[in-house]
Amino acid sequence: MSVKKRGLIWYQLKWRATFYTVLGLKVQAMEVFEELYRLYPDDDYAIASLAFMKTEMGDKVGAIADYNRLVQSANVTAAHWYNLGFLQEEMGQVESAEYSFRQAIKLNEKLDEAWYGLGLALIQLQRFDEAIKALKKNTQLQPMSPYAWYQLARLYVEREQPDEATKIISHLKNFEPKFARQLERETGLTV
C-alpha cells in the first residue's frame, strides 16, 4: 500500500483501467495504470497492474523490473514471485527463475504452478533429481494436469528409466490420451 491514502481518485482510476482492460483496450488501460502509478508510486496494485499490462503488451523486460519492485514490498505474495519467475524463465534467466519459484513456494507451498516452473528451471539447469521432485509435487497438487506428467516421462526416458515413463503414459491414457500418444511417438514406448 502506498504512503498516500487510497482515495476516490485511486478507485476511479482503478475502475477506469479495469473497464478498458475488460474491453481489450490495452493501450488505454496502460495509460490509466501509468497515471495511477504516477499518483501512487509505492502502491502494490499499481505496480502489479503495470507489470501485468507490460507482459500483455510484450514488454517482458519492463514487467520483470516491475515484479522485482513488487517482491521488495512488505505485501509481497507468492503470485508476485511466481509471475517474476515465469518471465525470468521465458527470458532465459534460469537461475533467477529458480530463485523466484522457490520464493513463491516459501510463501505458498501449494502453488502448483510454482512447482512446475521450478521443475522446468531445474531441467534447464540439468539438476534432474531436483526437477523430478518438483514435478512430482506438481502432480500431487494438480493430478489431472498433463504438463508435469509429460515432463516427468521425458526425464525418465532420458535417465534410461523406461518403466517409469511407461507408467506415466499409461496413467495419461486415462485422462489425456493426446499427451499419451505424443509421448509414445516421441519416446518409442507403447502401452
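Derivation of every value follows stated rules applied to the coordinates shown; laboratory data play no part. Everything numeric in this text was worked out from a predicted model, so none of it was measured. FYI the Cβ positions are ideal-geometry reconstructions off the backbone, even for glycines, and counts take in every protein chain you see.
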Legend entry - residue 110 of a type in the set (Lys, Arg) and within 14 Å of the chain's Cα centre (by Cα): yes
Inset, instruction - Considering each of 61, 32 in turn, give the residue that is of a type outside the set (Lys, Arg), out of contact with any helix residue (DSSP H, G or I) (no Cβ under 8 Å at 6 or more places or on another chain) and farther than 24 Å from residue 108 by Cα. - result: 61
Inset, instruction - Please indicate, with yes or no, whether at least one residue in region 36-57 is among the hydroxyl-bearing types (Ser, Thr, Tyr) and farther than 23 Å from residue 22 by Cα. - result: no
Legend entry - Test for residue 108: is it under 30 Å from residue 63 (Cα atoms) and of a type outside the set (D, E, K, R): yes
Legend entry - Among residues of region 170-191, those that are surrounded by 15 or more Cβ atoms within 10 Å (Cβ to Cβ), out of contact with any Phe, Trp or Tyr (no Cβ under 8 Å at 6 or more places or on another chain) and within 13 Å of residue 145 (Cα to Cα), counted: 2
Inset, instruction - Report, by residue number, each residue of region 146-161 that is assigned to a helix (DSSP H, G or I) and surrounded by fewer than 15 Cβ atoms within 10 Å (Cβ to Cβ). - result: 158
Legend entry - Residues located in region 1-20, provided they are under 25 Å from the mean Cα position of the chain (by Cα), in contact (Cβ under 8 Å) with a residue 24 or more places away in the chain and either over 25 Å from residue 68 (Cα atoms) or not in a loop (DSSP other than H, G, I, E, B) (or both): 14, 17
